[in-house]
Every structure is written in C-alpha cells, then in structure tokens.
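S.K.: First, the structure itself, so that you have it in front of you.
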Amino acid sequence: MVSSLKPVTHRAAVYLLLEREDGMTPVFMRTHTKFMPGYYAVASGCLEAGESVEEGLRREVREEIGVELGSITLVHVQYRDAGAGDEWLDFYFHARDWTGEPVCAEPHKHGEIEWCAFDAMKTPLLPYIDAAIKAWRAGKIYSEFKH
C-alpha cells in the first residue's frame, strides 16, 4: 500500500531551563517581537543551518542572556503544531552550571531578566513553553502541543 502522507520538514528550536541553587529560573518578557509580544519566555531560539541542537542552544543562550553554559541535560522534547503546516520539534535543556550573570543581552527584543520558580512562572508565559515545563516537571520526556 502506498502512503498518501506527504513528507514533512519540521523546524527545530531549543529552550534553556536554567536553574540557580535556590531553584529560580530566568525569564524575560518578549517586548519588541513580531511573535507573541507581551508573553514571558525562557532563553530560546531556532536552529540555524548546519548547527547541531547543542550548538544552537549554546549560541542562543550567549545571544539572549549572555552566559556560557557548562553541563546541560536534555529533559524534554515537544512536537508543536503551530497550524498551517508549521510544525516544530522543540528541545528543552536543563542546566545548573554556567559562567557569567544572566542579563537581557537583546534589549531590542526583550525586557529585563526576572527570576521565578518553575512552579510559579511569570504570566502570561508562552503557552507551549508552559505546557513543556509542566510536562517535564511531571516526569514526561515527550509531549505534543497544538496552537
């Protein structure tokens, strides 16, 4: 039997769940962006051509919050259907080891860094990030999100 499904090219994005010793994580409000301004987010971004997932994460974190990551752990993968054929694979990494102080390194895009607990995130948080964090905290390595 021949499949009637068309091949899909998924886009990929990376997200950092950075955690201080007190359990707090940095977030910032998306202020000057086309996509969902007024929502909080964690350091994240799209992979660029030729980048591995880890390389993309480390680059995005340097660009957005100005820190160099040490050890990282992949903690969650999310399939995200953003509608109209826009499908994503989102990779969430946890880290407790970094060099530098997290700052808003892209003030033309984001507000200042704010720290919050994973179980008391700033709102409104981007809904797919919120869903992924909740799934991760519940011990799930994989989830799906539809806009």
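Where a number appears in this text, it was derived from the coordinates with a stated rule and is not lab data. Keep in mind the model is a prediction, meaning the values are calculated, not measured. Note: ideal-geometry Cβ built from the backbone for every residue, glycine included; neighbour counts use all protein chains shown.
S.K.: Give me the pairs, please: first residue somewhere in segment 122-141 and more than 17 Å from Met29 (Cβ to Cβ), second residue anywhere and of a type in the set (A, V, I, L, M), beta-carbon distance under 6 Å, and either six or more positions apart or on two chains.
M.R.: From residues that are more than 17 Å from Met29 (Cβ to Cβ), the pairs are Trp136/Val75.
S.K.: Being farther than 21 Å from Ala135 by Cα and either touching a His at 6+ places or on another chain (Cβ under 6 Å) or crowded, with 16+ Cβ neighbours inside 10 Å (or both) narrows it down to one of Leu57, Leu16, Leu5, Leu69, so name that one. Give the steps one after another, and end with the answer.
M.R.: Values: Leu57 fails: farther than 21 Å from Ala135 by Cα; Leu16 fails: farther than 21 Å from Ala135 by Cα; Leu5 fails: either touching a His at 6+ places or on another chain (Cβ under 6 Å) or crowded, with 16+ Cβ neighbours inside 10 Å (or both).
The conditions single out Leu69.
S.K.: Any residue in segment 75-90 that is touching a residue at least 60 places away in the same chain (Cβ under 8 Å) sitting within a Cβ distance under 7 Å of a residue that is in a loop (DSSP other than H, G, I, E, B) and aliphatic (A, V, I, L, M)? List the pairs, counting only those 6 or more apart or interchain.
M.R.: Here the result reads His76/Ile141; Val77/Ile141; Glu87/Val8; Trp88/Ala82, each pair linking segment 75-90 to a residue that is in a loop (DSSP other than H, G, I, E, B) and aliphatic (A, V, I, L, M).
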